[in-house]
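Quick notes on the structure that follows.
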Amino acid sequence: MSEEKELEMQAEEATIEETSEEITEEAVEAADDYGIFSFLADLPIFAIEKQIYTAPPKKKEPVKKVQVVDCTIPDVAPRDTGAVYDWIYYFGLQIIRRVRHAGRLVKRILRKPVHAVAVFASILFLLLDRIALDSVRNATNDIRKLRAEIRILFATKNKQKRKGLFKRHPNAVRTLGNLAAPIAAFAVLLVTVGYWTSSTYALEVVVDNNGEPCSLGYISDESVFIQARSIVKERIDSGAADEDKALIANPTYKITRVKLNELSDAHAISDRLIENSDSKLTNACGVYIDGEFICSVKNETDARSVFNNLLSEAEEKYNINAEDPNSFADFVEDVEFVQGLYSDDADKMWEASRLLDVLTNQKKSEALYYTIQNGDTPSGVASEYDISYSELRALNPNVNFGVFKVGTKLLVSQEVNFVRVKIIKIVERNESTPFKTEKIESSKLFRGDTRTIRKGVKGTDKVTYLTTYIDGVQVSAEEIDRITLIDPITEKIQVGTKKTGYSGGSYDVVVKGKFVWPVSGLYTITSYYGNRRSGFHTGLDISGASASGKLVLAAESGTVELVKFSNRSYGNQVIINHGNGVKTRYAHMLDGSISVSVGQRVSRGQPIGRVGNTGNSSGAHLHFEVIVNGNTVNPINYIK
């Protein structure tokens with residue numbers, strides 16, 4: 001079976017090849033009159049190609065014998081352009097052939113799957129038409145007949161035929177019922193959801209009023225009534241509130257379902273409690289600061305004017321521009337005005353002038369101080385007054401908390417006004433901006449040495465802040481804009497890269513303090529600065545094994561001020577001026593070893609000579625001095 005299939009496939013491929021060759025030959029024959037390619041006839045390339053294939057063959061000329069002459073100039077062969085056009089033409093025909101072959105192959109592969117999908121879709125459509133669409137058509141026809149029959153019956157008023165009308169059209173009745181049922185169910189759902197979302201379970205508050213139950217309203221939970229009773233005690237004299245039975249009696253609660261807009265808050269319940277009480281009450285405006293009752297004023301306008309005047313004074317004091325939406329004055333606390341029934345007792349009912357006096361001249365709480373006792377610690381004091389350590393430091397900026405001195409008074413709580421005025425305004429100020437530092441390597445300076453070739457200059461920026469003040473003290477500043485007025489100038493510093501080599505060799509540079517250790521390879525101090533048997537010693541003597549000839553190094557960059565050769569006192573010595581009144585002396589150096597001259601600039605760690613035994617010296621060593629403003633100081637503070 002496999003051999004038969006292979007033979008069939010080979011035969012099929014041979015048939016395709018023959019068909020393709022026939023198509024190609026037909027295309028070549030049709031190329032003379034352009035056949036399917038006639039739209040390309042006007043192109044130059046095909047005009048030439050047509051000339052190639054339509055021109056008659058030339059007759060062969062007899063070959064003439066020509067005597068061959070030797071010539072140094074070679075013949076140049078003419079360019080054969082016809083071969084190029086032939087290749088392009090046949091290349092296009094091959095592409096057409098391959099595309100057709102691929103199209104047949106794809107068609108052969110997709111034929112069966114596409115046919116199967118089409119058959120499946122047809123079956124599905126027939127089932128859908130049979131099950132659903134057929135029923136819809138039947139129901140529609142039945143409904144149309146029912147409507148027509150109803151119209152005829154009502155026109156003729158035949159009561160006999162009205163009986164059994166719906167039984168004669170069961171499809172119409174069934175379809176209308178199927179449509180009406182979900183619509184009705186959806187309507188019932190909407191009504192149910194609307195009812196339960198617009199209502200809630202609540203507590204009805206009922207109190208005893210002279211032996212008769214009195215409903216005060218509906219509340220969400222018992223805490224609302226407790227809050228309402230607290231509000232009543234604030235608004236009415238506490239003694240009268242405690243004696244009034246209507247205010248101190250415990251209510252009874254009934255669970256009921258009410259609409260959301262029927263719920264009452266604590267203020268509404270407090271008003272109804274007061275209405276049922278025996279206290280002397282009057283309509284007034286209650287003033288609340290951060291929810292705390294302060295007083296009541298008969299006229300709300302008078303109460304509001306007191307607070308508005310405080311804000312107006314603050315705006316004038318801090319130059320608040322009314323047209324600027326970003327600058328305004330307000331209170332830190334929440335000030336609220338509540339209309340209701342309040343006790344007309346003089347301690348609760350104030351005039352506007354008294355309210356203004358209390359707000360401006362009295363404090364809600366005074367400042368609290370604590371005196372440090374023996375054994376107290378900063379964290380302990382802060383914990384005792386329920387504040388953090390950082391808050392304690394902020395309240396006492398002038399106190400040294402590193403030395404917690406007994407008897408020092410600490411502010412642990414600031415005085416608090418009834419209301420604090422908050423000012424928010426735009427503030428512009430010029431600020432200096434730091435400059436950058438650019439380091440440039442220099443082979444002329446020794447490593448570790450630097451030289452400033454251009455000093456940096458700070459820039460200036462115009463910065464806009466949204467600043468907040470509370471009672472005149474700035475508490476925050478948010479940057480909202482920045483404009484550069486003067487750009488900073490970058491500082492340029494040369495950094496030495498020159499190796500610390502000397503006479504073809506290298507040496508160690510040791511830094512233990514502010515200055516470089518003045519001798520390379522010697523680290524023993526044989527005589528310190530100060531008093532000794534022979535008198536006061538003004539420097540350090542540095543020596544050790546094989547001290548003679550060791551390199552003497554400049555302790556710091558500077559200018560050579562003195563080079564002196566002598567066999568007395570300091571012997572051969574060098575003094576370097578480092579600026580700012582600081583100089584260093586290097587004495588008893590080896591003859592012929594000093595390598596610097598007066599006025600020469602030397603770098604930190606640069607060799608200036610070698611250890612010797614010249615002058616008043618008992619052995620090879622370096623006498624090293626540090627001179628500040630003309631007086632010697634202890635060099636140990638500079639090199640260790």
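The values are calculated or read from the model by the stated rules, or taken from the named source; none is laboratory data. Quick caveat, the model's predicted, so the values are computed rather than measured. Don't worry about glycine lacking a Cβ; one is built from the backbone with ideal geometry, like all the others, and counts go over all protein chains shown. Heavy atoms of the whole protein, side chains included, go into the accessibility calculation; ligands, DNA and RNA do not. Shrake-Rupley method; radii C 1.70, N 1.55, O 1.52, S 1.80 Å.
Some notes on this structure:
- Region 346-364: number of residues that are of a type in the set (Asp, Glu) and more than 13 Å from Phe293 (Cβ to Cβ): 2
- Inside region 258-288, residues that are under 20 Å from Met349 (Cβ atoms), touching a residue at least 60 places away in the same chain (Cβ under 8 Å) and in a loop (DSSP other than H, G, I, E, B) make up a count of 2.
- Scanning region 605-618 for residues that are in a strand (DSSP E or B) and either in contact with a helix residue (DSSP H, G or I) (Cβ under 6 Å, 6 or more places away or on another chain) or over 19 Å from Glu556 (Cα atoms) (or both) returns a single hit, Gly612.
- Leading residue by the ranking (surrounded by the most Cβ atoms within 10 Å (Cβ to Cβ)) among those in region 547-604 that are hydroxyl-bearing (Ser, Thr, Tyr) and part of a strand (DSSP E or B): Tyr586
- Verdict on Asn400 being without any contact (Cβ under 8 Å) to a residue 24 or more places away in the chain, open to solvent by 80 Å² or more (accessible area, probe 1.4 Å) and over 16 Å from Gln474 (Cβ atoms): yes
- Boolean, Leu485 is hydrophobic (A, V, I, L, M, F, W, C) and open to solvent by 80 Å² or more (accessible area, probe 1.4 Å): yes
- Filter result (more than 27 Å from Thr252 (Cβ to Cβ) and either among the aliphatic types (A, V, I, L, M) or part of a strand (DSSP E or B) (or both)) within region 179-225: Leu179, Ala180, Ala181, Ile183, Ala184, Ala185, Ala187, Val188, Leu189, Leu190, Val191, Val193
- In region 195-207, the residues that are open to solvent by less than 90 Å² (accessible area, probe 1.4 Å) reach residues that are assigned to a helix (DSSP H, G or I) and at pLDDT below 80 with C-beta atoms within less than 7 angstrom, at least six apart or across chains, in these pairs: Val207/Ala246.
- Applying the set (1) open to solvent by 20 Å² or more (accessible area, probe 1.4 Å); (2) more than 60 Å from the chain's Cα centre (by Cα); (3) at pLDDT 95 or above to Asn616 leaves exactly one unmet item: (3).
- The C-beta contact set for region 289-306 (first residue farther than 20 Å from Val421 by Cβ and in contact (Cβ under 8 Å) with a residue 12 or more places away in the chain, second residue open to solvent by 30 Å² or more (accessible area, probe 1.4 Å) and assigned to a strand (DSSP E or B), distance under 6 angstrom, 6+ apart or interchain) comprises Glu300/Phe337.
- When every residue of region 429-443 is checked against the conditions, at least one turns out to be under 30 Å from Asp508 (Cα atoms) and small (Gly, Ala, Ser).
- Region 351-396: number of residues that are closer than 30 Å to Ala284 by Cα and open to solvent by less than 40 Å² (accessible area, probe 1.4 Å): 4
- Any hit, region 586-594, residues being among the aromatic types (Phe, Trp, Tyr) and over 30 Å from Thr497 (Cβ atoms): no
- Residues that are touching a helix residue (DSSP H, G or I) at 6+ places or on another chain (Cβ under 8 Å) and part of a helix (DSSP H, G or I) were ranked within region 308-336; the one that is surrounded by the fewest Cβ atoms within 10 Å (Cβ to Cβ) is Asn309.
- Flag for Ile639 being surrounded by 14 or more Cβ atoms within 10 Å (Cβ to Cβ) and either touching a residue at least 60 places away in the same chain (Cβ under 8 Å) or hydroxyl-bearing (Ser, Thr, Tyr) (or both): yes
- Number of positions in region 226-248 that are touching a strand residue (DSSP E or B) at 6+ places or on another chain (Cβ under 7 Å), part of a helix (DSSP H, G or I) and modelled with pLDDT of 65 or more: 2
- Strands (runs of 3 or more DSSP E) (entirely within region 405-480) containing at least 3 residues that are modelled with pLDDT of 90 or more, open to solvent by less than 50 Å² (accessible area, probe 1.4 Å) and not hydroxyl-bearing (Ser, Thr, Tyr): 459-470
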